[in-house]
Amino acid sequence: MPALVLLGAQWGDEGKGKATDLLGGSVDYVVRYQGGNNAGHTVVVGDQKYALHLLPSGILSPGCTPVIGNGVVVDPSVLLSELSGLNERGVDTSKLLLSGNAHIITPYNVTVDKVTERFLGKRKIGTTGRGIGPTYADKINRVGIRVQDLYDQSILTQKVEAALDVKNQILTKLYNRRAIAVDQVVEELLGYADKIKPYVADTVLILNQALDDDKVVLFEGGQGTLLDIDHGTYPFVTSSNPTAGGACTGAGVGPTKIGRVIGILKAYTTRVGSGPFPTELFDEDGEALRRIGGERGVTTGRDRRCGWFDAVIARYATRVNGLTDFFLTKLDVLTGWERIPVCVAYEIDGERVEELPYSQTDFHHAKPVYEYLPGWQEDITKAKTFADLPKNAQGYVKALEEMSGAPISAIGVGPGRDETIEINSFL
Ligand code: GDP
Ligand code: IMO
Ligand code: MG
C-alpha cells in the first residue's frame, strides 16, 4: 500500500489533527515531516480534548507508531513536556520514533526568533515565537544542532560554539542583548540527551522497510500550503515545506512511494499572523465565523483572522500538491447564513484573474470576486451520509468541489472523530 500525505490546503488550522487522528486507527505509522511546535493540532476523542504541537496526531491511536522525521525541528523541552502530559492522561507514548537527523531548536534560536520579530516592528511576520525560522536558518547555514549531536559532548560543544560565534555578535551589538554562554547551552542540551534517547532511531530506514512490507504510512503536515517557504505567501510564511514534496525530503521517502495526497480544506478561510488574505472579513460575519468556529490559536492563543472560502487558493493547493482528495472541514460552522459568499476569482488592478498570481504585489492587490451560494438553517452535526445534508449544504460542497479541482472525499460536521461524513475511503 503506497503512503498517504495529509496536509493543510490553506493557511493552517484546517483540522489536520482531527483528520489524522481519524485515519490513525487504520494506519501503521503517522509521520510529521516538517515544522515543529509552531503547529497546534486539536484532537477530540470522546469527551477528551488534546492539543498537540510537536507530536504526530497518530500518537492517540494505540496501534499506530508515531514518527518525528528528519525534516522536523525539535525543541527537546517541549517534546518531553508533551510526552509527560499525555502519559499523565494515560496515553502510551513508548512507540514514538525520533529521527537522529532532526534539528534541535536551541534556547538561542527561540531568543533570536523573538528579538528579530521585535526588531522588524510593523513589518513583523507574526511568528509563533518558537524558534522555528532561526533553527531552519541554522540548518541551511550548516551550523545547526541535530538530535544525534546530543550523544557526543565534544562535537556538541564545537557546534554550539560555531552557532553562537556570529549570533552573539548580533545579539550584543545589534540587538543590545546579553551574550549567550556556550557552556550553559551545552549543559541544558545534554540534560535532555538520556531522556529522549529511547526514541531516537534511523527513521528513514524504518519507514522505507515498513513501506516495503506493505505497511500503511501516513505523513501529517503541519501549517499549510500558503505558509510554505517556496509556494506560500512569502515572506509571510513559515520556514519549511508543508507541501507534499516536503514529505519526501522530510522523511526520506521517494515520491514513487506516495499514492494519495489529501488536502485538508476548511469550508471558510482563516489565517494567523501577518500577510495578505484576500477574503478576510472585518465585519460581523468575520466575528461570527471566529465565534462559531472557535477560531483562536491552539499554540499562541491569538484570534485567527477569518474570511470566506477562497476557491483560487484551493485550486492552487490542488496544483502544487498534486492533491488526489479533499477533506472538507467545519461545514457545520456555516449553518445559519442565508447566503454564503465564495471567492471564485480575484480582481487585480481592474482585471479578473482566475489563478493565484505569482507576484507578491499582485496578490497584495487582489480583491475577491464573489459568487453567492444559498445557505441552510438545519443542524448538520448529526449527518452521517452526504444524503443526510440539507440540499443547500450538498450544493455548497458540490460547488466547492467543482471549483477546487479534486474530489471531496470526507466532510467534517463537528470536532469529534465520529462527526465526519465519509464519501470515498482513504485507505
Ligand atoms: P490543525 O492545526 O489543522 O490541526 O487545526 P486546529 O486544531 O488548529 O484547528 C481546527 C479546529 O477545528 C480544532 O479546534 C478542531 O477540534 C476543530 N474541528 C476540526 N474539524 C471540525 C469540524 O468539522 N467541525 C467543527 N465544528 N470543528 C472542527
Ligand atoms: P498548524 O499546524 C497557523 C504561522 C504563524 C506566522 C507564520 C510563521 O496548527 O496549522 P513560525 O513560527 O512558523 O515561523 O511563524 O506561520 N503559523 C501557523 N499558522 N497554523 C499553524 O500550524 C502555524 N504555524 C505557523 O502564525 O504567521
Ligand atoms: Mg492548528
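How many residues are under 23 Å from L205 (Cα atoms), touching a Pro at 6+ places or on another chain (Cβ under 8 Å) and open to solvent by less than 10 Å² (accessible area, probe 1.4 Å) if we restrict to segment 221-260? Explain how you work it out, then say what you get.
Step one: filter segment 221-260 for residues under 23 Å from L205 (Cα atoms), giving 221-222, 240-260.
So of that shortlist, the ones also touching a Pro at 6+ places or on another chain (Cβ under 8 Å) come out as 221-222, 245, 248, 257-260.
Narrowing the set further to residues that are open to solvent by less than 10 Å² (accessible area, probe 1.4 Å) leaves 221-222.
The qualifying residues number 2.
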For this session: Output the number of residues of segment 42-58 satisfying the condition of being within 16 Å of ligand 3 (Cβ to nearest atom) and open to solvent by 10 Å² or more (accessible area, probe 1.4 Å).
Result: 6
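Within segment 1-34, count every residue that is aromatic (F, W, Y) and farther than 24 Å from N101 by Cα. Steps first, answer last, please.
Step one: list which residues in segment 1-34 are aromatic (F, W, Y), which gives 11, 29, 33.
From the residues that got through so far, the ones that are farther than 24 Å from N101 by Cα too are 11.
Total satisfying the criteria: 1.
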Exercise. Which of the residues spanning segment 60-72 are open to solvent by less than 10 Å² (accessible area, probe 1.4 Å) and either at positive phi or among the aliphatic types (A, V, I, L, M) (or both)?
Worked result: V67, I68, V72
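What do you reckon, is A163 more than 27 Å from the chain's Cα centre (by Cα), modelled with pLDDT of 95 or more and surrounded by fewer than 21 Cβ atoms within 10 Å (Cβ to Cβ)? Spell out how you get there, then give the answer.
Values: more than 27 Å from the chain's Cα centre (by Cα): yes; modelled with pLDDT of 95 or more: yes; surrounded by fewer than 21 Cβ atoms within 10 Å (Cβ to Cβ): no.
Taking the combined requirement at face value, the residue does not satisfy it.
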Seminar exercise, completed: If we ask which residues in segment 272-313 are basic (K, R) and more than 16 Å from ligand 3 (Cβ to nearest atom), their number turns out to be 1
Exercise. Is it the case that T335 is of a type in the set (V, I, T), within 16 Å of ligand 1 (Cβ to nearest atom) and under 29 Å from A247 (Cβ atoms)?
Worked result: no
Problem set entry | Subset of segment 16-49 that is of a type in the set (D, E, K, R) and within 18 Å of P2 (Cα to Cα) - its residue that is nearest to ligand 2 (Cβ to nearest atom) | R32
For this session: Kindly provide the set of residues from segment 1-17 that are within 16 Å of ligand 3 (Cβ to nearest atom) and open to solvent by 20 Å² or more (accessible area, probe 1.4 Å), ordered by number.
Result: D13, G15
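The values are calculated or read from the model by the stated rules, or taken from the named source; none is laboratory data. All figures in this text were calculated on a predicted structure; none of them were measured in a lab. Quick reminder, even Gly has a Cβ in these numbers, built from the backbone with ideal geometry, and neighbours come from all protein chains shown. Surface accessibility is based on the protein's heavy atoms, side chains included, excluding ligands, DNA and RNA. Shrake-Rupley method; radii C 1.70, N 1.55, O 1.52, S 1.80 Å.
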